[in-house]
Structure formats: structure tokens, C-alpha cells
1. On each of the three principal axes of the Cα atoms of the chain, give max minus min coordinate, whole Å, ordered largest first.
2. Taking the Cβ-Cβ separation of Val106 and Asp35 as r and a Förster radius of 25 Å, what is the calculated FRET efficiency to the nearest 0.05?
3. Restricting the count to DSSP beta bridges whose residues both fall in the chain, what percent are antiparallel, rounded to a multiple of 5?
4. Per-residue ellipticity at 222 nm for the chain, helices alone: DSSP H runs ≥ 4 residues times -39500 (n - 2.57), over residue total, nearest 500 deg cm²/dmol?
5. Per residue, how much accessible area does the chain have with a 1.4 Å probe, in Å²?
6. Tell me the relative contact order for the chain as a rounded percent, counting alpha carbon contacts under 8 Å between residues six or more apart.
7. Using a 7 Å offset from Cα along Cα-Cβ at Lys64, what residues in the stretch 108-129 end up with backbone N under 20 Å from the label point?
8. In nm, what is the difference between 0.36 nm times the number of residues separating Glu46 and Asp16 and their Cα-Cα distance?
Amino acid sequence: MAFDYGVRRVGVAVGDCSLKMAHPIDTIEYSDSKDLYVKLGKHHTEWLPVGFVVGLPSSEGRGKRKLQGLIRHFASDLEKRFSLPVYFIEEDYSSTCAEQVLSEVVSDWKKRKSLLDGFSAKIILDAFFNSIRLTDESDAN
């Protein structure tokens with residue numbers, strides 16, 4: 001299960017580790033951390049993930065450093081609450097890529113916006129799967 005964390009919304013995607021395929025499942029809008037973890041708990045129960053992948057922006061700029069701290073705190077909470085490993089993947093352009101792809105297939109801006117964070121989480125999970133492929137391929141050589 002992968003997340004594109006934001007202070008108001010969290011995109012959620014799931015994937016199959018053996019097939020290395022991901023798909024978006026939700027954009028969680030939340031008012032506080034209790035609300036967020038209730039909603040995440042429902043996804044955890046439904047999907048039974050084996051681990052979590054969290055997108056982490058690179059450390060450019062003060063705003064990014066603050067967001068990194070919030071994301072690291074979120075990841076730590078995930079690990080403690082669900083007793084599952086958390087992996088980070090660099091995600092500087094996941095929202096930009098998601099917007100570009102969605103703009104080609106969804107003309108309504110409001111509909112695109114509602115799908116954006118979940119699709120960003122899918123891109124994050126795809127990047128994680130691709131990094132595993134690259135590691136597997138270099139181990140084989």
C-alpha cells in the first residue's frame with residue numbers, strides 16, 4: 001500500500017508485489033490524525049498490505065524540509081500502528097505526472113482533482129516497484 005501524504009489529503013494506492021502493478025484506491029480527506037487513522041485502518045483491514053510505501057520529496061527548500069518532517073512522522077505512526085515496514089521513495093514529481101496523465105483522460109477539472117492524490121500514490125508505488133526491478137536485475141548480473 002502506498003501513500004502520497006498531504007496535510008489535508010492522503011492519496012492511497014495498492015499493488016501486487018509479485019506482478020509489480022499498482023492502482024489508486026482512494027483520496028482520504030481528513031480533519032485530524034484520529035480521523036486519518038480511522039480511514040487508513042479501514043483500508044488496512046480490507047487490503048491486508050505487507051508493507052507501506054510513502055512518497056518523500058527531496059530536501060530542496062524550507063517548505064520541503066517541513067513537509068519531509070511531517071511525512072517522516074506519518075511513516076513512523078504507520079509503522080507503530082500497523083506493525084508493518086515502511087519504505088520511502090523519492091516523489092518530487094508524482095503530482096505533476098498524475099495531473100498530466102489525468103488531464104489526457106479526464107476533462108472535468110473537479111473530477112481530476114478528486115482523483116489526483118490517489119493517482120499520485122499509484123505513481124509512487126510504481127516507482128517503488130521499478131526500483132525493486134532494477135535491484136533484482138542488478139543482482140542477477
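The values are calculated or read from the model by the stated rules, or taken from the named source; none is laboratory data. If you're wondering where the values come from, they're calculated on a predicted model, not measured in any experiment. We place every Cβ from the backbone using ideal geometry, glycine too, and count neighbours over all the protein chains shown. Heavy atoms of the whole protein, side chains included, go into the accessibility calculation; ligands, DNA and RNA do not. Shrake-Rupley method; radii C 1.70, N 1.55, O 1.52, S 1.80 Å.
1. Its Cα atoms span 47, 38, 36 Å along the three principal axes.
2. Approximately 0.40, to the nearest 0.05.
3. Approximately 65 percent, going by the DSSP bridge assignments.
4. Calculated from helices alone, the mean residue ellipticity at 222 nm is -19500 deg cm²/dmol.
5. 60
6. Taking the mean separation of contacting Cα pairs over the length of the chain, I get 34 percent.
7. Answer for this model: 120-121, 123-125, 127-128.
8. Numbers: separation 30, 0.36 × 30 = 10.80 nm, distance 1.43 nm.
Stretched fully, the Glu46-Asp16 segment lengthens by 9.4 nm.
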